[in-house]
Amino acid sequence: MKYNVAVISGDGIGPEIVEEAKKVLSKVEQVFGHTFAYEPVLMGGASIDVHGVPLTDEAIAVCQSKDAVLMGSIGGNTATSPWYQLPPEKRPEAGLLKLRKALNLFANLRPAYLYEELKEACPLKDEIIGEGFDMVIMRELTGGLYFGERKTIEEHGVRKAYDSLTYDEKEIRRIAKRGFEIAMKRRKKVTSVDKANVLDSSRLWRTIVEEVAEDYPEVSYEHMLVDNCAMQLVKNPGQFDVILTENMFGDILSDEASMVTGSIGMLSSASLNETKFGLYEPSGGSAPDIAGQNIANPIATILSAAMMLRYSFDLDQEADAVENAVKQVLKDGYRTIDIMSEDCTQVKTSQMGDLIAERIHK
């Protein structure tokens, strides 16, 4: 079977980690008999350097024509890069927001899983970690504060800024359904996170989630205020299965969840629309300070490619093979510098890709 993939290598460490994901997918081709056809797409700083904008209409069209998009990282050093001297709508991250909107990628799925071999890297105490944790954060991605009306004005000699947080019931219902569907494939528990004690948008969110929950009687669900959820993630992360939340809360909570796993370089993510199409990327940033040094951790990008196999291509066996290869490499004691510990062997970015590819089998 042939699958067509748009590849956005991006900026910073992006090209390095994407190359390792493609290396692993090449081994999947060999073992399972598939073909992955890639077409490169510029976005972020790389697109600004060539086209003067972070994302062109032509790039969007290429992505729309494919079965999925595999992405590295975008952006640079906000203090020194000339990209951040541009107006906000022309900076690297604006390209990602534009692409999410154009592809209708409303559901962001970010797993946070603690590998047994990486418990030492987890900043939490052993009694909190317990037997580990395995959660997924389902974040609404195309609505809310980040996409609301905004402006800055001067009123009576005082500067004032406005940002609007808006959700309608259709936006809430479709992300809630995705959250409950994912929970059905896992441990059948949803924690819906909001700020219903303050925000009207959260009160509507809570109402719609309760309506959707009626269609999934096998799934238990609870509501949790976002400030309490932030505390619970470091107090008892094992209690969570699927965390369902809106755009800004999900942005913050997913980064918090990623760090309690020990390294953001380990965490994959998927952004999905209402079809099988998705954009797959690591949760971490472009890390411009280590770009080109062959020391970045490619595992998050490799696991993102595994998510692509599972969610866009329905290749569960192949996705399992990639995930099992990652686990085996960790068991064998290989680490990149960000997850290095005693009695382990430190390897480069490219070496980690080789080691994982070698361990892929049916």
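The values are calculated or read from the model by the stated rules, or taken from the named source; none is laboratory data. Because the structure is a prediction, the values reported are computed rather than measured. Cβ placement follows ideal geometry from the backbone for every residue including glycine, while neighbour counts extend to all protein chains displayed. Note: accessible area is taken over every heavy atom of the protein model, side chains too, but ligands, DNA and RNA are not part of it. Shrake-Rupley method; radii C 1.70, N 1.55, O 1.52, S 1.80 Å.
Just wondering, is there one or more residues in the stretch 296-310 that are part of a helix (DSSP H, G or I), in contact (Cβ under 8 Å) with a residue 60 or more places away in the chain and more than 20 Å from the chain's Cα centre (by Cα)?
Checking the stretch 296-310: not a single residue is part of a helix (DSSP H, G or I), in contact (Cβ under 8 Å) with a residue 60 or more places away in the chain and more than 20 Å from the chain's Cα centre (by Cα).
Restricting attention to the stretch 16-36, which residues are of a type in the set (S, T, N, Q) and out of contact with any strand residue (DSSP E or B) (no Cβ under 6 Å at 6 or more places or on another chain)? Give the derivation first.
First, pick out the residues of the stretch 16-36 that are of a type in the set (S, T, N, Q): 26, 30, 35.
Residues satisfying the conditions are 26, 30.
What number goes with the only condition from (1) charged (D, E, K, R); (2) surrounded by fewer than 12 Cβ atoms within 10 Å (Cβ to Cβ); (3) on the phi > 0 side of the Ramachandran plot that residue 188 does not pass?
So the condition that residue 188 fails would be (2).
Name the strands (runs of 3 or more DSSP E) wholly inside the stretch 207-295 in which the number of residues that are crowded, with 23+ Cβ neighbours inside 10 Å and touching a strand residue (DSSP E or B) at 6+ places or on another chain (Cβ under 8 Å) is 2 or more. Spell out how you get there, then give the answer.
Working: elements: 220-225, 242-245, 268-272, 278-282.
The qualifying strands (runs of 3 or more DSSP E) are 242-245, 268-272, 278-282.
Give the residues of the stretch 57-91 that are assigned to a loop (DSSP other than H, G, I, E, B), free of Cβ contacts under 8 Å to residues at least 40 places away in the same chain and of a type in the set (S, T, N, Q), sorted by residue number.
78, 80
Would you confirm whether or not the stretch 114-121 contains a residue that is within 17 Å of the chain's Cα centre (by Cα) and either at pLDDT 95 or above or open to solvent by 20 Å² or more (accessible area, probe 1.4 Å) (or both)? Steps first, please.
Our first condition is that a residue be within 17 Å of the chain's Cα centre (by Cα); within the stretch 114-121, this holds for 114.
So of that shortlist, the ones also either at pLDDT 95 or above or open to solvent by 20 Å² or more (accessible area, probe 1.4 Å) (or both) come out as none.
Within the stretch 114-121, none of the residues are within 17 Å of the chain's Cα centre (by Cα) and either at pLDDT 95 or above or open to solvent by 20 Å² or more (accessible area, probe 1.4 Å) (or both).
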